[in-house]
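What follows is one structure encoded as structure tokens, with my remarks underneath.
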Amino acid sequence: MDNLADLSVSLGRIHLKNPVLVASGTFGYGEEYQDLVEAAQLGGIITKAVTLEPREGNPPPRLAETPAGLLNSIGLENPGIEVFLKEKLPKLRKLKTRIIVNIAGEKKTEYLDLAERLGRETGIDALEVNISCPNVQKGGLVFGTRADLAFSLVKGLRQATDLPLIVKLTPNVTDVTEIAQAAKEGGAEALSLINTILGMAIDVNTRRPKIGAITGGLSGPAIRPVAVRMVHQTFQKVDLPLIGMGGIACAEDALEFVLAGATAVAVGTANLVDPTVSLKIIEGLRQYLKKGGIHSFQSLIGTLRV
Ligand SMILES: Cc1cc2nc3c(=O)[nH]c(=O)nc-3n(C[C@H](O)[C@H](O)[C@H](O)COP(=O)(O)O)c2cc1C
């Protein structure tokens, strides 16, 4: 039976050997984890965000722990596209797994420029378009909170590159399905949800915010019910494969997303606690299939009973 269990899934044109990815910003560009996790065992790696110009990110402190969660305000710190192409991509190309490059910008032209340049490279399986980062002063989030802007950005990207486009949605909206639908109409091939929830924590002794930028993005188990709800709602309304994320730390957490309608999942904050957690989740999914006598993982997607 073990050999029969098929964990492979398809996200549009992207075929994954198993449905477990590592989420953007929590696995660097792969190299940071190379001694700990064999990349070939993962469904894929979603890189930390790449922007056109190098970014220094936000002032410290950038991380604060909260009950069952983590507030971060990294502010998209990254070396920029030039260094990414020269130093990071050649190493990513050697990994025997799917490589999804997360791109971010403040203006539409920046996203288009990034997509054009990345589209000329080999070894990239898809772009994850981050229209959902709560930790940048301008741009970023605005594309993720207005359906008209999301549509226009994705449509522009669709013309700028042939690479599959995965649009990453923000939970900081009233109705996530509106933005999801707009991204689909613009040409998205899959959707990632969710990015972090805008939050804040205060040290009452110093009366200062615990995060240098005052607010930060909340991640970890605290946000999982919100993320599962948004995957469920989007699955009901929008016909696109979904990558579910938000607080996944074990196979059971991952399965919640799959039953709600996710085709694949991404593990974020949990990597910071245990870098090998994704491998344990893959094994846990295999065991779940085996125990249930289920031959194909794909057959589980969206099978929530209500
Ligand atoms: C330290 C940190 C850095 C992150 N950086 C990015 C990023 O560069 N681009 C992005 O789209 N999401 C980024 N995220 C969001 C995660 O990819 C993920 O969507 C979110 O944290 C929810 O999943 P989790 O609860 O499993 O962490 C970051 C999250 C954390 C905790």
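Filter the range 172-196 down to residues that are touching a residue at least 60 places away in the same chain (Cβ under 8 Å) and within 16 Å of the ligand (Cβ to nearest atom) and give me whichever is farthest from the chain's Cα centre (by Cα). Walk me through it before giving the result.
Narrowing the range 172-196 to residues touching a residue at least 60 places away in the same chain (Cβ under 8 Å): 177, 180, 189-190, 192, 194-196.
From what's left, within 16 Å of the ligand (Cβ to nearest atom): 180, 190, 192, 194-196.
Values: Ala180: 15, Ala190: 11, Ser192: 6, Ile194: 7, Asn195: 7, Thr196: 10 Å.
Checking each candidate, the answer is Ala180.
Can you name every residue in the range 145-171 that is more than 16 Å from the ligand (Cβ to nearest atom) and of a type in the set (Lys, Arg)?
Once the filter is applied, which keeps residues that are more than 16 Å from the ligand (Cβ to nearest atom) and of a type in the set (Lys, Arg), the range 145-171 yields Arg146, Lys155, Arg158.
Which number in (1) within 15 Å of the ligand (Cβ to nearest atom); (2) not acidic (Asp, Glu); (3) not in a loop (DSSP other than H, G, I, E, B) marks the one condition that His15 misses?
Status for His15: all satisfied but (1).
Could you check the range 1-25 and list, in sequence order, the residues that are among the β-branched types (Val, Ile, Thr) and either surrounded by fewer than 21 Cβ atoms within 10 Å (Cβ to Cβ) or within 15 Å of Leu165 (Cα to Cα) (or both)? Break it down into steps so the answer makes sense when it comes.
First, the residues of the range 1-25 that are among the β-branched types (Val, Ile, Thr): 9, 14, 20, 22.
Scanning the range 1-25 gives a single hit, Ile14.
Among the numbered criteria (1) within 24 Å of Glu283 (Cα to Cα); (2) at pLDDT 95 or above, which single criterion is violated by Leu114?
For Leu114, the exception is condition (1).
Residue by residue through the range 1-42, note down the ones that are among the small types (Gly, Ala, Ser) and touching a residue at least 60 places away in the same chain (Cβ under 8 Å).
If the condition is that a residue be among the small types (Gly, Ala, Ser) and touching a residue at least 60 places away in the same chain (Cβ under 8 Å), then Ala5, Ser8, Ser10, Gly12, Ala23, Ser24, Gly25, Gly30 are the ones that fit.
For the range 81-131, enumerate the residues that are loosely packed, with under 14 Cβ neighbours inside 10 Å, of a type in the set (Gly, Ala, Ser) and under 27 Å from Leu141 (Cα atoms).
Within the range 81-131, no residue meets the criteria.
Across the range 201-211, what is the number of residues that are surrounded by fewer than 16 Cβ atoms within 10 Å (Cβ to Cβ) and either in a helix (DSSP H, G or I) or not acidic (Asp, Glu) (or both)? Spell out how you get there, then give the answer.
Filtering the range 201-211 for residues surrounded by fewer than 16 Cβ atoms within 10 Å (Cβ to Cβ) gives 202-208.
Retained after the next criterion (residues that are either in a helix (DSSP H, G or I) or not acidic (Asp, Glu) (or both)): 202, 204-208.
Selection size over the range 201-211: 6.
The values are calculated or read from the model by the stated rules, or taken from the named source; none is laboratory data. A quick note: this is a predicted structure, and the numbers were derived from the prediction, not measured. Backbone-built Cβ (ideal geometry, glycine too); neighbour counts: all protein chains shown.
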